[in-house]
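I have placed the structure first, in the form of structure tokens, so that the comments after it can refer back to it.
The values are calculated or read from the model by the stated rules, or taken from the named source; none is laboratory data. These numbers come from a predicted model, not from an experiment. Neighbour counts are summed over all protein chains in view; Cβ atoms, including those assigned to glycine, are modelled from backbone coordinates with ideal geometry. Calculation scope for accessible area: heavy atoms of the full protein, side chains included, ligands and nucleic acids excluded. Shrake-Rupley method; radii C 1.70, N 1.55, O 1.52, S 1.80 Å.
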Amino acid sequence: MRITAIRLDRLVLPLAPPFPAAWDPVPRTSFGATVVRIETDEGLIGFGSGDTMDGFEAFEHLFIGQDPLAIARHVRVLETIDFHAGRYWPLEAALWDLLGKTAGLPVATLFGGATDGIPAYASCGMLLPAPERAESALRLRDEGFRALKIRVDPRRLDDGLAAVTATRTAVGDSMEIMVDLNQGWRMAGDISRALDAVTAREIAARLADDDVLWVEEPLAGTDLRGLAALRASSPGIRIAGGEMTRTLPDMLAAIEADAFDVHQPDVVLTGLSHARTVAELALARNRWFTPHTWTNGIGLLANLHVAAGVGGGPFIEVPYDPPGWNAERRDFMLAEPVRPGPDGILHVPSTPGLGIVLDEAAVRRYAA
């Protein structure tokens, strides 16, 4: 089998009303997605998505004519491209999708088959007043979610902490709560400084009082020494991060520094094979692997397959904060949105590959 073509469907979904993401300086008026299709001479097609794939056309010749199942070779090629250009790891997701279809197995089985589902947590993306966030948590619980993540803006710290406290009061011990401070990286053009270690430690202590499961990205992602020290000084709460780490050496450095209790590489931003390596090392050290995912349903499925394959958890991130961010917006290119079951478990699709079924009409409708 040989790769005959790599096609990129660049899509843009208009957002009306706009979505006020907590980490964006202005509300989002559109949501972009790039779908990768790897075509073969045997008629099989692999699908992936995640990053923008901008500029990939200059490198596609490095894959055309190659065996799509030689994934280790393709990962090494992607590593060389990643050094010079963008994150093209959605291509690896499409390759694994092809391998699963060839083998007649879900990708999670190829990655170890440790479990066929992981409890989902609703990853909330908006900054809401305390009463509204608490009410939202109760609705999420009614839908089956066992946990949720609340964004807290350090520039509006009192408001954010009040939302956490109100949510804990509302849900009692029926849900786990995570908090994301979004200090690990910055949007383009945002030159504000990250929190200092003393402030991060004070926030972590206050969150521990509300029995928060983990605090995510409390310091700059490059401050591995600071993150490790914060871990050691923050009893009662876990430290999570690593969602935008770019290279395998960077992820291994976080492992060696013991910077995180919860490792969160996103497999469509760092590579499925790389994420599996980090996951297995983290789990061997009794740390957690629960990948970040804030792309679309295709990226969510890729992360689910890797996490379920290696036995990650205890939760899987599902971007979901209705009405502003619902499954239909997130997965507009899919025939059916990806949803947890009524039991709150996000189950691995039983179909070969990643289980991606595109809505080809939507792909045509929203072509950029």
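General remarks:
- Total residues in segment 309-368 satisfying the condition of being loosely packed, with under 14 Cβ neighbours inside 10 Å, assigned to a loop (DSSP other than H, G, I, E, B) and among the small types (Gly, Ala, Ser): the figure is 4.
- Output for segment 164-222, where each listed residue is basic (Lys, Arg) and at pLDDT below 95: ARG186, ARG193
- Residue satisfying all of: in segment 12-57; assigned to a strand (DSSP E or B) and out of contact with any Lys or Arg (no Cβ under 9 Å at 6 or more places or on another chain); surrounded by the most Cβ atoms within 10 Å (Cβ to Cβ) among these: SER49
- Scan segment 245-269 for residues that are outside any helix (DSSP H, G or I), at pLDDT 95 or above and buried (at least 17 other Cβ atoms within 10 Å of the Cβ) and the total you get is 8.
- Summed over segment 232-244, the residues that are closer than 9 Å to GLY184 by Cβ and either open to solvent by 30 Å² or more (accessible area, probe 1.4 Å) or assigned to a helix (DSSP H, G or I) (or both) give a count of 1.
- Checked against the criterion of being among the acidic types (Asp, Glu) and within 12 Å of the chain's Cα centre (by Cα), the candidates GLU336, GLU328, GLU317 yield just one match: GLU317.
- Residue match in segment 220-231 (condition: within 29 Å of ALA114 (Cα to Cα) and open to solvent by 40 Å² or more (accessible area, probe 1.4 Å)): yes
- The one condition in (1) open to solvent by 50 Å² or more (accessible area, probe 1.4 Å); (2) touching an Asp or Glu at 6+ places or on another chain (Cβ under 7 Å) that ARG285 fails to fulfil: (2)
- Members of segment 210-231 that are touching a residue at least 24 places away in the same chain (Cβ under 8 Å) and assigned to a loop (DSSP other than H, G, I, E, B): ASP210, ASP211, VAL212, LEU213, GLU217, PRO218, LEU219, ALA220, GLY221, ASP223
- Here HIS292 passes the criteria (1) closer than 22 Å to VAL338 by Cβ; (2) open to solvent by 10 Å² or more (accessible area, probe 1.4 Å); (3) free of Cβ contacts under 8 Å to residues at least 40 places away in the same chain except the one numbered (3).
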